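As structure tokens, the structure follows; a few thoughts come after it.
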Amino acid sequence: MDISLVRERIAAAAAAVVLPTSRLTCTGYVPDAVTEPHFFVGEYTQEFDRTYRGMAVLEVTCRVLVGRADDRASQKLLDAMLASTGAASLKAAIEEARGEPGELALGGAADDLHVMRIQGYRWYEHAGVDYVGAELIIKVIG
């Protein structure tokens, strides 16, 4: 499995969300500076040889950060992106990249993926600036 390609394609899938007042910036890597709101693919763990075919399982930690110019509005926007459904839902947008039944996920970069959970809803400091944000944990099989 090409990890760089998986990271790029997760970010591309996340870019499909529709936000009410702004556009979500998405990167497949941890950025030096955040253009808010910003989704990025961070660290991951990898388990090798999960099947006899040598399939690997990744657990990818992604973050979404929102500016805090207005604490309430920022958290409402974050809540919309963390919902399980809706136009702003990161889960729905990313899982759309699973493809049709029988197709490979992420445009052929993986066998399957699943957004497993949201965690760490809190204030984050990134490059010296504070944001409200959360982590999405995605399981990728390939």
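Please treat every number below as a calculation from the coordinates, not as lab data. Values in this document were obtained by computation on a predicted structure and should not be read as measured data. We place every Cβ from the backbone using ideal geometry, glycine too, and count neighbours over all the protein chains shown.
Charged neighbours of ALA69, selected by a Cβ distance under 13 Å, balance to -1 (K, R count +1; D, E count -1).
Size descriptors for segment 92-142, from the alpha-carbon set: Rg then Dmax equal 14.5, 45 Å. With coordinates expressed along the principal axes, the C-alpha atoms belonging to segment 62-136 extend over 44, 26, 17 Å, beginning with the largest. The stretch between ALA127 and LEU19 holds 36.4 nm of extra length on full extension. This uses 0.36 nm per residue minus the Cα-Cα distance. Each other residue within a Cβ distance under 13 Å of GLU125 adds +1 if Lys or Arg and -1 if Asp or Glu, for a net charge of +2. Where does the charge balance sit around VAL34 when Lys and Arg score +1, Asp and Glu -1, over other residues with C-beta under 12 Å from its C-beta? Result for the local shell: -2. Under 18 Å from a label point set 7 Å out along the Cα-to-Cβ vector of THR51, the amide N atoms of segment 80-101 belong to 98-101. In this Cβ point-charge picture (+1 for Lys and Arg, -1 for Asp and Glu), the chain has a dipole of about 240 debye about its Cα centre. Based on the convex hull around the alpha carbon atoms, the chain presents an average projected area of 8.3 nm².
Residues whose amide H lies under 5 Å from that of MET116, counting only those 5 or more places away or on a different chain, are ILE137, ILE138, LYS139; hydrogens are built 1.01 Å from N in the peptide plane.
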